[in-house]
1. What does the average come to when, for each residue of peptide A:136-145, you count the partner chain Cβ atoms lying within 10 Å of its Cβ?
2. Mind checking the alpha-carbon convex hull of the stretch B:131-282 and giving the volume per residue in Å³?
3. So what does B:ARG228 come to for accessible area, using a 1.4 Å probe and Å² rounded to 10?
4. Once the convex hull of the alpha carbons of chain A is built, what does its volume come to per residue, in cubic angstrom?
5. When DSSP beta bridges are limited to those with both residues in the protein assembly as shown, what percentage is antiparallel, rounded to the nearest 5?
6. When the Karplus curve 6.51 cos²θ - 1.76 cosθ + 1.60 is applied with θ = phi - 60°, which whole-Hz ³J(HN,Hα) does each residue of the stretch A:86-98 get, with x for Gly and Pro?
7. Can you give me the solvent accessible area of A:LYS91 with a 1.4 Å probe, rounded to the nearest 10 Å²?
8. Rounded to whole Hz and in sequence order, give me ³J(HN,Hα) for the stretch A:42-48 from the Karplus expression 6.51 cos²θ - 1.76 cosθ + 1.60, θ = phi - 60°, writing x for Gly and Pro.
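The values are calculated or read from the model by the stated rules, or taken from the named source; none is laboratory data. From a predicted model like this one, the values you see are computed outputs, not experimental measurements. In this analysis, Cβ positions are derived from the backbone assuming ideal geometry, glycine residues included, and neighbour counts consider all displayed protein chains. The accessibility values were calculated without ligands, DNA or RNA, using every heavy atom of the protein model including side chains. Shrake-Rupley method; radii C 1.70, N 1.55, O 1.52, S 1.80 Å.
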Amino acid sequence: MEQMKINRIRQGTVIDHIGAGKALAVFHLLGLKNDQTTSVTMAIRVPSRRMRIKDILKIENRYLDPTETAMIALIAPQATINIITNYTLEKKERVKLPTHLEGLLRCENPNCITTALREPVQGKFTVIGDSPLRIQCDYCLTIIATEEVERLFLRKI
Amino acid sequence: MGKGLITLRDYSRKEIEEILSLARVMARDQRTGTDIAKGKILAALFFEPSTRTRLSFETAMLRLGGKVIGFSSSEGTSVGKGETLADTVRTVSQYADLLVIRHPREGAAQLAAEFSSLPVINAGDGSGNHPTQTLLDLYTMIDHLKDLEGKEIALVGDLRYGRTTHSLAPALALFGVKLILVSPQELRIKNEIKVELDKHGVKLRETEDITEALDADVLYITRIQKERFPDAAEYAKVAGSYRIDRQLLGKRTPLIMHPLPRVDEIAADVDDLVTAVYFEQAGNGVPVRMALIVRALGLGG
Ligand SMILES: [Zn+2]
């Protein structure tokens with residue numbers, strides 16, 4: 001059993017079916033680097049029936065809010081979130097792409113008003129496609145595709 | 001409070017037609033003038049110069065009996081000193097009843113609308129939207145062709161950077177036209193816009209050859225700018241091949257439109273044709289903008 005390769009957790013969250021090599025990004029995205037109170041187990045490139053290979057992140061005593069789940073969907077659209085209580089699976093759900101993103105990314109169009117110096121606005125995007133992921137800036141209407149989203153995202157964290 | 005206009009992208013054909021029919025009402029008493037906007041002040045914030053758009057907005061407000069304040073370039077203003085657009089907009093909102101904004105960056109009008117307590121009309125932002133131009137273009141086409149359903153409209157020139165066609169093409173798609181997109185390879189329409197056109201299911205054909213578009217009902221010509229080309233010789237060659245003159249047109253009489261200013265993409269010998277309507281088109285900017293002001297100020301009409 002693939003699950004046995006890494007420790008089970010007593011309670012917390014297991015993020016499964018993360019695309020291979022993306023677990024570290026999810027780790028940073030959740031701010032786990034600076035969170036001294038949780039212990040985290042990360043598995044990278046483990047075999048998976050559904051995905052061939054995948055990453056897994058197990059986080060003790062930590063639960064995700066909807067914004068965090070939405071952010072994970074951007075980087076790992078196939079991920080499942082498993083809530084563990086007392087070593088047993090209490091709830092399991094696929095991440096869902098949000099319809100709207102606010103403040104997470106900055107537009108990549110250098111002539112977009114949101115990238116102007118000191119304007120008090122954050123990037124706002126509408127998700128217009130999920131596979132492949134495509135988002136559109138609410139201001140300048142520039143469309144950003146998957147790889148770009150990831151690049152912009154990782155640059156931030 | 002009335003309704004501003006940032007983009008036509010989320011407008012239905014019906015909403016657009018309502019504005020156009022209000023514009024037709026405005027056209028009737030355009031010359032005699034009215035005073036329905038008496039006591040109202042329009043603030044024209046032009047962060048980049050645009051003679052035609054600014055003068056036509058000013059004319060529209062004056063014809064309605066209102067007054068205009070504003071600036072026509074950011075030089076010498078607080079903006080030149082580094083003030084943010086958000087701050088300028090919040091300040092001017094304290095003075096006027098309506099904001100009209102022209103800005104070199106895409107999305108500026110949207111941002112202005114978020115920070116303003118007043119209705120905002122977008123008079124062009126970056127290479128993004130230019131909805132008032134689109135409305136006057138539609139007004140002119142419908143004025144001459146009555147129904148646009150099934151008509152062939154050729155958009156010619158710089159379809160990549162020109163904001164006019166970015167705004168116009170998707171709006172035309174709502175009216176059931178067939179589009180011919182005529183441009184040099186390097187100035188083809190952006191993918192974003194094509195995605196939008198596909199969404200509307202519009203019939204379209206792309207070509208680099210202007211002669212393939214001469215039988216269209218409308219030739220909408222736009223300027224090809226020198227800056228888009230690496231060298232002057234290349235520019236001259238490309239621009240020359242999209243030049244419209246009497247000889248090229250032969251006996252054909254498509255409606256010939258241009259957002260102006262033109263340089264030499266339409267020869268002067270075309271001006272006398274009854275179907276060369278570009279000056280009339282510019283003139284239609286007044287009733288259309290009158291309609292938008294009336295609507296934005298919630299004056300009925
Ligand atoms: Zn943008």
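1. Per residue, the number of nearby Cβ atoms from other chains is 5 on average.
2. Spelled out: Cα convex hull of the stretch B:131-282, divided by residues, is 103 Å³.
3. 90
4. About 113 Å³ per residue, rounded to a whole number.
5. Within the protein assembly as shown, antiparallel bridges account for around 50 percent of the total.
6. With coefficients 6.51, -1.76 and 1.60, one gets 6, 6, 10, 6, 9, 8, 9, 8, 6, 5, 10, 5, x Hz.
7. Result for A:LYS91: roughly 110 Å² accessible.
8. 10, 10, 10, 6, 9, x, 9
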